[in-house]
């Protein structure tokens, strides 16, 4: 072995590491707002409603970020394995379609990620965290691999179930060290049901790829007039649900104990309803472009969901102080 062999070995290892980091970023990229960032915002909503020390906040953020990256990676690698043909049309930058990873390489990463992030969930989130991680991955397997239901309802049911299990994993991660930040399951269930009723809005900008692989989403199944009616119905549902949830929350917290809590509920509620109205208007427009539909989902819809999380966190904290 020559004198420069260790340097060559280190250089090769660094190149492999850089490639793996690039692959990981591309795996996470398209669903980042509804994955890792969603969980970070969920943590932020808890901390705004119930502030902690700077030291505890940093520790919480690191733990949640690690678990969130693992949770999203385990879902997205499967999602991309079963939708290669769709990604050639809709998302050609993803690692498999871009030629950075072979299908067999993606399968190896899937198996490794289950083992690695299962262990991380157990370490950082405890036994209940591991349970919710396993349940979420079982839900991914059922919806994407076997039997992999090709039905429009399954396209809505998966994000709803995933949202609920992910936020229960988040709660387990937070409460393993800071139980005072516990969120009642009913608030995660409300967000999951909101997802169930409205998340098919994401299908409008993916219709070409979905049609190519015969994925039975609502925009693919419905004809032109039916698709217009679906847009109008979805728009009305988003606005009405937003108003109903905020009205219910304000009524539930009508005797909140602190001015800060009341202001938080008021502002987050107004922002959620305003976001729902903007999403509804954009969704109901006649023949928007693919780019406009994608922006409606990835920007306006996701921001509206973030406002809902802040509202529900204030409501959870308000309910805790009253009990």
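The values are calculated or read from the model by the stated rules, or taken from the named source; none is laboratory data. On a predicted model such as this, the values are computed, not experimentally measured, just so you know. Cβ atoms come from the backbone with ideal geometry, glycine included; neighbour counts cover every protein chain shown.
The figures follow:
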| item | result |
| --- | --- |
| Meets criteria (in the same structural domain as residue 67 (by TED's automatic domain parsing) and farther than 25 Å from residue 88 by Cα) for residue 174 | yes |
| Helices (runs of 4 or more DSSP H) contained entirely in region 177-248, each with at least 3 residues that are at pLDDT 95 or above and assigned by TED's automatic domain parsing to the domain that holds residue 277 | 185-198 |
| Residue that is farther than 17 Å from residue 35 by Cβ and at pLDDT below 95, where the choices are 107, 144 | 107 |
| Residue among 153, 141, 132 that is outside the structural domain of residue 201 (by TED's automatic domain parsing) and crowded, with 21+ Cβ neighbours inside 10 Å | 132 |
| Meets criteria (over 19 Å from residue 17 (Cα atoms), modelled with pLDDT under 90 and crowded, with 20+ Cβ neighbours inside 10 Å) for residue 125 | no |
| Subset tally (residues that are more than 23 Å from the chain's Cα centre (by Cα), surrounded by 13 or more Cβ atoms within 10 Å (Cβ to Cβ) and touching a residue at least 60 places away in the same chain (Cβ under 8 Å)) for region 258-287 | 2 |
| Identity of the residue in region 89-108, over 18 Å from residue 148 (Cβ atoms) and without any contact (Cβ under 8 Å) to a residue 40 or more places away in the chain, that ends up surrounded by the most Cβ atoms within 10 Å (Cβ to Cβ) | 97 |
| Residue ranges of helices (runs of 4 or more DSSP H) in region 22-102 with at least 3 members closer than 22 Å to residue 183 by Cβ and at pLDDT 90 or above | 36-49, 54-81 |
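Here is a yes/no grid of residues against (1) over 21 Å from the mean Cα position of the chain (by Cα); (2) under 30 Å from residue 219 (Cα atoms); (3) free of Cβ contacts under 8 Å to residues at least 60 places away in the same chain:
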| position | (1), (2), (3) |
| --- | --- |
| 123 | yes, no, yes |
| 141 | no, yes, no |
| 145 | no, yes, no |
| 152 | no, yes, no |
| 156 | no, yes, yes |
